[in-house]
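The values are calculated or read from the model by the stated rules, or taken from the named source; none is laboratory data. Being a predicted model, the structure only gives us computed values, none of them experimental. Glycine also receives a Cβ, built like all others from the backbone with ideal geometry; neighbour counts cover every protein chain displayed. Please note that ligands, DNA and RNA were not included when accessible areas were found on the heavy atoms of the full protein model with its side chains. Shrake-Rupley method; radii C 1.70, N 1.55, O 1.52, S 1.80 Å.
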Amino acid sequence: MQTSYSVPEWYINEFNPLDYYHTYYATGQGVFVAEWTEFVLRNMHETFAPGGLKGDILIDFGAGPTIYHLLSACEVFNTIITSDFLAQNREQLEKWLRKDTDALDWTHVVRHVCDLEGDSNLEKKKETLRRKVIKVLKCDALAEKPYGAEPMPQADCITSCLCLEAPCKDLEAFTNILKKLKELLKPGGHVVIQSVLNCTFYYVGKKCFSCLSLTKDELEKAFKEAGYEIVKLKVIPRTEKLGIDISDYDSYYYVHARKPQKE
């Protein structure tokens, strides 16, 4: 399926975070509930487990309305700054942090992470994340400075899930975003990116959005050209065919890379 490039205004006007949640994450119906969620949560669990990555400041770039990918990192970072381009997504993040009655329900995902960690205390996990997130900021991947005039601390780690391909028209744009993220890292800091490969479109409810289709080789090339040292690159094929008409990706990727101590 050929999908024309989705300009930022299309996202601003047409992206509905409730539709996104129900399309991909809602219990019993979301396309990502099984295979993708298991891939991401297990990778994050292994990345931030005892003896793994830890630090003071973590910046999460392009969260959408979601919090699931931060549930392991919140145990080993003192401060988390999360962010998204869309006001409607940031509103959903704030609702969850405030425990509003109409906030999106991530309990099923929290339970999964607690099972991985061998801890049954779901409420403790939720409160740990809520306590660690100190800001929900606007970010713009296409801007020269993704956080504008907002004073940003240098981070020990940056995370991003299912974000960077959405605003990009080509591999050069994707590489440029990686370069801008690297500027937000301390020397020796880490970036952990997870998303999908060979994807050209995805639906949110009845709205169709474009996606930059990347191969594994292109992904590796982008990180190297952006000046990172790749620590681990993992790709697994999509085996679930449910939802192939909702998004046409054929595999999932995990990249852990590092900003060199000296450049």
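Ranked from largest to smallest solvent-accessible area, with a 1.4 Å probe on the protein heavy atoms, E172, E218 come out as E172, E218. Here the chain is treated with +1 on each Lys and Arg Cβ and -1 on each Asp and Glu Cβ, and its dipole about the Cα centre works out to around 620 debye. Distant-in-sequence amide contacts of S251, defined by a placed amide H-H separation under 5 Å and a gap of 5 or more residues or a different chain, comprise L197, R238.
Placing R258, R98, R111, R238 in order of accessible area, with the largest value first and a 1.4 Å probe, yields R98, R111, R258, R238. Taken one residue at a time, the phi angles of the stretch 128-141 give Karplus couplings (6.51, -1.76, 1.60, θ = phi - 60°) of 4, 5, 4, 5, 7, 6, 9, 8, 10, 10, 7, 10, 9, 4 Hz. Gly and Pro are set to x. For the stretch 43-107, the average shadow cast by the Cα convex hull is 4.6 nm², which is a quarter of the hull's surface. For the stretch 192-263, the Cα-based Rg and Dmax, in that order, read 14.3, 47 Å. Taking every protein chain into account, the 1.4 Å probe leaves H108 with about 50 Å² of accessible area, to the nearest ten. Annotation: Cα Rg of the chain relative to the compact-globule expectation 2.2 N^0.38 Å equals 0.93. For the chain, averaging the sequence separation of C-alpha pairs within contact (under 8 Å, six or more residues apart) and dividing by the residue count gives a relative contact order of 20 percent. Contact order for the stretch 160-263, expressed relative to its length and based on alpha carbon pairs under 8 Å spaced 6+ residues apart, stands at 37 percent.
For the stretch 101-146, what does the alpha-carbon gyration tensor say about shape, rounded, prolate or oblate, given a ≥ b ≥ c as the root eigenvalues, a/c under 1.5 as rounded, and a/b over b/c as prolate? It comes out prolate by the Cα gyration axes.
Counting DSSP beta bridges with both partners in the chain, what percentage is antiparallel, nearest 5? Here the share of antiparallel DSSP bridges comes out near 50 percent. The Kirkwood hydrodynamic radius of the stretch 146-244, based on inverse pair distances between different Cα atoms, is 14.9 Å. When nucleic acids and ligands are ignored and a 1.4 Å probe is applied, E225 ends up with an accessible area of around 110 Å². Only helices enter the 222 nm calculation for the chain: every DSSP H run of n ≥ 4 contributes -39,500 (n - 2.57), and dividing by all residues gives -9500 deg cm²/dmol, rounded to 500.
Projecting the Cα atoms of G52, V40, L122 onto the charge dipole of the chain, computed from C-beta unit charges around the Cα centre, puts G52 farthest toward the positive end. With protein chains left intact and a 1.4 Å probe, residues in the chain average 45 Å² of accessible area per residue.
Across q = 0.12, 0.19 Å⁻¹, the stretch 1-135 modelled as identical point scatterers on its alpha-carbon atoms has Debye log10 I(q)/I(0) values of -0.49, -1.19, in the order of the q list.
Look at where the Cα atoms of the stretch 29-88 and of the stretch 128-175 average out, and the two centres are 13 Å apart. Accessible-area rank, largest first, for E229, E14: E229, E14, with all protein chains present and a 1.4 angstrom probe.
Just checking the listed ones, K232, K179, K125: in the Gaussian network model of the chain with Cα springs under 10 Å, the one fluctuating most is K232.
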